[in-house]
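What follows is one structure encoded as structure tokens, with my remarks underneath.
The values are calculated or read from the model by the stated rules, or taken from the named source; none is laboratory data. What you see is a predicted model, and the numbers here were worked out from it, not measured in a lab. Please note: Cβ atoms are built from the backbone with ideal geometry, for glycine as well, and neighbour counts cover all protein chains shown. For accessibility, only protein heavy atoms count, side chains too; no ligands or nucleic acids. Shrake-Rupley method; radii C 1.70, N 1.55, O 1.52, S 1.80 Å.
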Amino acid sequence: MKFVLDTLRQEEEKERLQVLRMEIDYELLTLYDAMQTNDITIIVQTKERLKKLTKELIDIKQRYTNSSDREIDKNRVK
């Protein structure tokens, strides 16, 4: 049962990674536009959103990498 839940979580995280990348791209475009118009408020807000999205991206990648490493270790033991 745990294996099934782990697999489902990994699939959800893979999908979330794709969405996060699109969200980061959008925020980068927003930041670029704000920099072109020198809109300080939007620049600050966008940078904060980018920090949160980047942290989430890194966290998911680390969890995914760690779980993949565990699966490789399990396969070696067999």
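Assorted remarks:
- Yes/no for Thr41 being polar (S, T, N, Q), without any contact (Cβ under 8 Å) to a residue 24 or more places away in the chain and open to solvent by 80 Å² or more (accessible area, probe 1.4 Å): yes
- Taking the criterion of being open to solvent by less than 90 Å² (accessible area, probe 1.4 Å) and either among the basic types (Lys, Arg) or touching a helix residue (DSSP H, G or I) at 6+ places or on another chain (Cβ under 6 Å) (or both), the residues of region 44-55 that qualify are Thr46, Leu50, Leu53.
- Selection count where residues are over 18 Å from the mean Cα position of the chain (by Cα) and at negative phi, scope region 33-63: 12
- Looking only at residues in region 1-32 that are among the β-branched types (Val, Ile, Thr) and either modelled with pLDDT of 90 or more or surrounded by 13 or more Cβ atoms within 10 Å (Cβ to Cβ) (or both), the one that is farthest from the chain's Cα centre (by Cα) is Thr30.
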